[in-house]
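To start, the structure itself, in structure tokens.
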Amino acid sequence: MKHITILAFAACCFTPSSALAQDCRPNKSGPDPITRQQVDIWWQVISSTGILKQALLDDDFSITATIGRYGLANAVNLELKKEIESLAKAAFESKYHAVKGNQFWCGLKDGPSLAFTATEVGNETHAGPFSGRIVTTLVLSARLTNAQLAAMKEVLIGKTIAAVRIRLAGDLQIDKTVSDNNGRNMQQKFGCFFQAMEKRGINISASTPPASQLRPPLTLLQRRVRPLH
């Protein structure tokens with residue numbers, strides 16, 4: 001299979017016409033409470049399963065993709081979440097762990113696969129405050145240069161994500177098929193991001209500002225702006 005490698009995780013599908021056809025407002029928008037820089041975020045659940053299935057199948061996660069503009073920085077998060085019943089707590093120890101440098105892929109319909117490398121990660125396992133279930137959350141986050149966004153946009157025009165593959169620490173691998181409906185919805189979200197950048201006059205083909213001017217992507221704790229399901 002042909003691979004196009006971009007050293008960051010990014011949007012996996014984009015069609016301008018689909019973005020124009022629906023509400024393109026970000027899921028979260030406003031100034032960062034610390035830096036006071038503008039933050040605009042779009043997200044889409046690309047794979048979601050019930051708690052029973054998650055408890056029975058060790059590698060079954062709900063997965064949400066996020067793309068956003070954080071001040072002068074572009075970043076994408078891939079969040080994996082798994083819940084199991086509290087009765088399994090004594091025997092449960094998550095073997096899944098994200099580390100910087102983990103790779104993941106987007107398989108596109110009628111197109112090449114896109115390979116990415118995470119630049120920032122988060123890991124957390126805790127008991128849910130109300131359900132008592134054990135919740136494991138992994139976040140793979142990546143900062144994207146404007147040049148990377150421009151190259152990615154060209155590859156993704158007219159294509160829809162059909163599958164994802166995530167390789168975690170210990171060479172553990174998670175493969176997920178993305179439904180047509182979730183693929184289309186994701187296509188619209190990422191299309192909205194590109195449309196918003198154009199409206200703001202941001203040239204995504206321009207060079208990236210110095211690292212000292214960039215704010216880091218959203219961390220695991222900052223990402224909790226809504227429940228996954």
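What the table below lists for this structure:
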{"item": "Label-point gap, in nm, between Val99 and Ala127 - each point 7 angstrom along Cα→Cβ", "result": "3.0"}
{"item": "For Ala163, distant residues with modelled amide H under 5 Å away", "result": "Gly107, Val178"}
{"item": "For the stretch 177-183, 3J(HN,Hα) per residue [Karplus equation, 6.51 cos²θ - 1.76 cosθ + 1.60, θ = phi - 60°, Hz, x = Gly/Pro]", "result": "8, 9, 5, 4, 5, 5, x"}
{"item": "Greater than 23 Å apart at Cα, pairs in Lys81/Lys153; Lys95/Lys189; Lys109/Lys153; Lys28/Lys81; Lys28/Lys199", "result": "Lys81/Lys153; Lys95/Lys189"}
{"item": "Derived scalar couplings ³J(HN,Hα) [the stretch 139-155; Karplus, 6.51 cos²θ - 1.76 cosθ + 1.60; whole Hz; x for Gly, Pro]", "result": "10, 10, 10, 9, 8, 10, 6, 4, 5, 5, 4, 5, 5, 5, 4, 5, 5"}
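Every number in this text was worked out from the coordinates using simple rules, so none of it is lab data. On a predicted model such as this, the values are computed, not experimentally measured, just so you know. For neighbour counting, all protein chains shown are included, and Cβ atoms are generated from backbone atoms with ideal geometry for every residue, glycine included.
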